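Scroll down for the structure; my scribbles are underneath it.
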Amino acid sequence: MTNTVLQVEKDFNAVIRERHSVRKYDPSWKISQEEINEILSDAILAPSSSNLQPWRFIVIQDQSLKEQLLPIANNQQQIIDASAVIAVIGDLDAYENVEKIHGIAVDAGVMTPEIKDMMVTNTMKVYPNVGAEKRKEIALVDGGLVSMQLMLAAKAKGYDTVAMGGYNAVQFKELFNISERYTTVMLIALGKAATEARPSVRLPLEDVTSWNEFKN
Ligand SMILES: Cc1cc2nc3c(=O)[nH]c(=O)nc-3n(C[C@H](O)[C@H](O)[C@H](O)COP(=O)(O)O)c2cc1C
């Protein structure tokens, strides 16, 4: 059963204020592949280091797969009840796509072939030589950005999410046969809330901000 598409496009203010981590989902609510593609298309507009877009996604909707994932993800019930679990994966060798990415830019008329060549040369000078640890760090930063954008894009369409770091990454990679080249970033449950999320609070701004200095 596919529910009608939620015709919700919230304004930015509402999106960032009404997004809360939802852990109780309506298990009967299905989100179509088309809507998930729309959410992912919005998410991948996120910025990334040298525009290398190291993010990869696994959309998990198969119920038996979700059941296998459940114990790997600390038995968090949202794995089963949410319409989809989206695994955000980071590619440590994303620089290998540099030709393709800037080729698309040239074809789209937003980059000259000369700039493309310069970008490719610079990227290939840096990324293969910084080491896998640094590339992992970059993939995690970029993966965090795309994850946030995904959650806001979902909220803008009236859906709810929760980011999940509470899972066994080794077992997760085994389940999906993910090679050493990739790192897990986080899992995101996506669906329709069954009950309202509990409100959360933030530290006062002055506790987390300093101006022109850093207070250790
Ligand atoms: C990287 C990351 C990992 C998280 N892991 C979990 C998790 O495994 N399970 C869970 O229930 N919530 C998880 N959360 C949700 C946080 O608990 C939640 O964002 C925080 O309490 C603030 O609440 P809010 O999102 O409703 O504003 C995670 C959030 C982030 C950003």
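The values are calculated or read from the model by the stated rules, or taken from the named source; none is laboratory data. From a predicted model like this one, the values you see are computed outputs, not experimental measurements. Ideal geometry is used to build each Cβ from the backbone, glycine not excepted, and the neighbour counts take in all protein chains shown. The accessibility values were calculated without ligands, DNA or RNA, using every heavy atom of the protein model including side chains. Shrake-Rupley method; radii C 1.70, N 1.55, O 1.52, S 1.80 Å.
In the range 160-180, the residues that are under 19 Å from W55 (Cβ atoms) and assigned to a strand (DSSP E or B) reach residues that are at pLDDT below 95 and within 11 Å of the ligand (Cβ to nearest atom) with C-beta atoms within less than 9 angstrom, at least six apart or across chains, in these pairs: V162/A197. Of all residues in the range 35-62, those being open to solvent by 50 Å² or more (accessible area, probe 1.4 Å) and in contact (Cβ under 8 Å) with a residue 12 or more places away in the chain number 12.
Is it true that some residue in the range 19-34 is assigned to a helix (DSSP H, G or I), open to solvent by less than 50 Å² (accessible area, probe 1.4 Å) and either out of contact with any Leu (no Cβ under 6 Å at 6 or more places or on another chain) or modelled with pLDDT of 95 or more (or both)? No - not one qualifying residue is present in the range 19-34. Of all the residues in the range 166-184, those that are open to solvent by 30 Å² or more (accessible area, probe 1.4 Å), within 16 Å of the ligand (Cβ to nearest atom) and within 16 Å of the chain's Cα centre (by Cα) number 2.
Pairing residues of the range 75-92 that are within 29 Å of K134 (Cβ to Cβ) with residues that are part of a loop (DSSP other than H, G, I, E, B), at Cβ distances under 6 Å and at least 6 apart in sequence or on separate chains, gives G90/P54; D91/P54; L92/R181. Restricting attention to the range 132-144, the residues being within 12 Å of the ligand (Cβ to nearest atom) and surrounded by fewer than 22 Cβ atoms within 10 Å (Cβ to Cβ) number 2.
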